[in-house]
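The values are calculated or read from the model by the stated rules, or taken from the named source; none is laboratory data. Quick caveat: nothing in here was measured; it's all calculated off a predicted structure. Don't worry about glycine lacking a Cβ; one is built from the backbone with ideal geometry, like all the others, and counts go over all protein chains shown.
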Amino acid sequence: MTSEHLHSNPIVTIDRLSKTYAGGFQALGEISLTIQRGELFALLGPNGAGKTTLISIICGIVNASTGSVRVGDFDIVADFRKARQMIGLVPQELHIDMFETVQDTVRFSRGLFGLPPNEAHIEKVLKDLSLWDKRKSKLMTLSGGMKRRVMIAKALAHEPELLFLDEPTSGLDPVSTRQVHDMVRRISQEGHTVFMCTHNLTEAQRLCHRVAVLEHGRMVAVGTPEELARQLGTGERVEIEVERAQIQAARAELRQLEGVQDVKLSDENNGARLIVSLDGRERIPQMLAHLVQQGVRVYRLSPLEASLEDIYFALHDDRQGRTTQQHANLEAVR
């Protein structure tokens, strides 16, 4: 699917959405966002940022205070049933009857939407999620990773176009996490739109086309990781391979240079590489010249793309800096 086609095909349209609870706590404030059909989209943010509140409103579990949401052609309030029919939701917490079998619980989820039985579809979902061999097993006998896959199967039972995943790998071991990631990719490739809430930056970067960053109920950035890196000017990161015996000396020399923000040891190549963060690309020749002058043997230099972790903390630091300055301004006025 081309990017032009994606941008002309919204499946979720959120307009000035907010949520304030009875006690006065504002969980979401004036959020507007569009998700395109076929996207694999991540909503990032720390615990308490408002991610679960946002998807709960879209899925009709929580009522918004102001604003509107459309799923496809349907308003989630005026056309609740039609909108909800398009949505599959996998919540963070496991909500399953441990005494049921895998096949029965997935069949039951389909029936909740008033759909007739479709054994061929149930079989396909279970096979796609590597659960067919476990279809007659009770849920209490399954591993955590398998239970998470059952939750995804339940969400897909009524053939939704849009799948919400709230912290899909929470509490899973590395092997189960990789299995869930592989499944999410397959589901996206089959044409489903996937909206994933996570605070795992690596997970979002590996899986998603676009990301949005939510902090204290406010949308602070939306775009591809590459777009956000350009917008935020997160600087330049390079990997340098040097003589192993000179690694600590090279690190000390680099830390003294103007424009060098950070120097870390790489985990690769038995500690003979350094990851250097600079405030701009123009610092690279100066850095190399300094190392050569100091007698450090440089074997290789490679630029590195900004990670979502870099972007997230750049956003966080920028907001913290602006908040601190606002407080200082208020104190000066007083």
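Worth a mention:
- For region 134-146, the criterion of a residue being β-branched (V, I, T), farther than 27 Å from T53 by Cβ and over 21 Å from the mean Cα position of the chain (by Cα) is satisfied by at least one position.
- Once region 217-235 is narrowed to residues that are β-branched (V, I, T) and in contact with a helix residue (DSSP H, G or I) (Cβ under 9 Å, 6 or more places away or on another chain), the residue that is modelled with the lowest pLDDT is T234.
- Close pairs (6 angstrom Cβ cut-off, 6 or more residues apart or separate chains): surrounded by fewer than 20 Cβ atoms within 10 Å (Cβ to Cβ) in region 63-83, in a helix (DSSP H, G or I) anywhere: F74/K82; F74/A83
- Of the numbered criteria (1) touching a Leu at 6+ places or on another chain (Cβ under 6 Å); (2) free of Cβ contacts under 8 Å to residues at least 24 places away in the same chain, the one Q189 fails is (1).
- The condition (being buried (at least 21 other Cβ atoms within 10 Å of the Cβ) and under 29 Å from G29 (Cβ atoms)) is satisfied by just one residue among T224, T193: T193.
- Only listed residue being of a type outside the set (D, E), assigned by TED's automatic domain parsing to the domain that holds V175, touching a residue at least 12 places away in the same chain (Cβ under 8 Å) and assigned to a strand (DSSP E or B), chosen from L115, L94, L126, L89: L89
Residues are listed down the side, and each one gets a yes or a no for (1) modelled with pLDDT of 75 or more; (2) of a type outside the set (V, I, T); (3) in contact with a Phe, Trp or Tyr (Cβ under 6 Å, 6 or more places away or on another chain); (4) within 20 Å of L201 (Cβ to Cβ):
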site: E215; (1), (2), (3), (4): yes, yes, no, yes
site: R237; (1), (2), (3), (4): yes, yes, no, yes
site: E258; (1), (2), (3), (4): yes, yes, no, no
site: N270; (1), (2), (3), (4): no, yes, no, no
site: D279; (1), (2), (3), (4): yes, yes, no, no
site: E282; (1), (2), (3), (4): yes, yes, no, no
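- Qualifying residue in region 79-86 (condition: touching a helix residue (DSSP H, G or I) at 6+ places or on another chain (Cβ under 7 Å), assigned by TED's automatic domain parsing to the domain that holds H192 and farther than 15 Å from L163 by Cα): no
- Counted residues, region 124-159 - those being touching a Phe, Trp or Tyr at 6+ places or on another chain (Cβ under 9 Å) and surrounded by 17 or more Cβ atoms within 10 Å (Cβ to Cβ): 6
- Residue within region 158-165 that is free of Cβ contacts under 8 Å to residues at least 24 places away in the same chain and of a type in the set (A, V, I, L, M, F, W, C) present: no
- Under the condition of being touching a Leu at 6+ places or on another chain (Cβ under 7 Å) and farther than 20 Å from G111 by Cα, the residues counted in region 124-145 number 3.
- Criterion applied to R37, R16 was being charged (D, E, K, R), assigned by TED's automatic domain parsing to the domain that holds L165 and touching a Gly at 6+ places or on another chain (Cβ under 8 Å), and the one residue passing it is R16.
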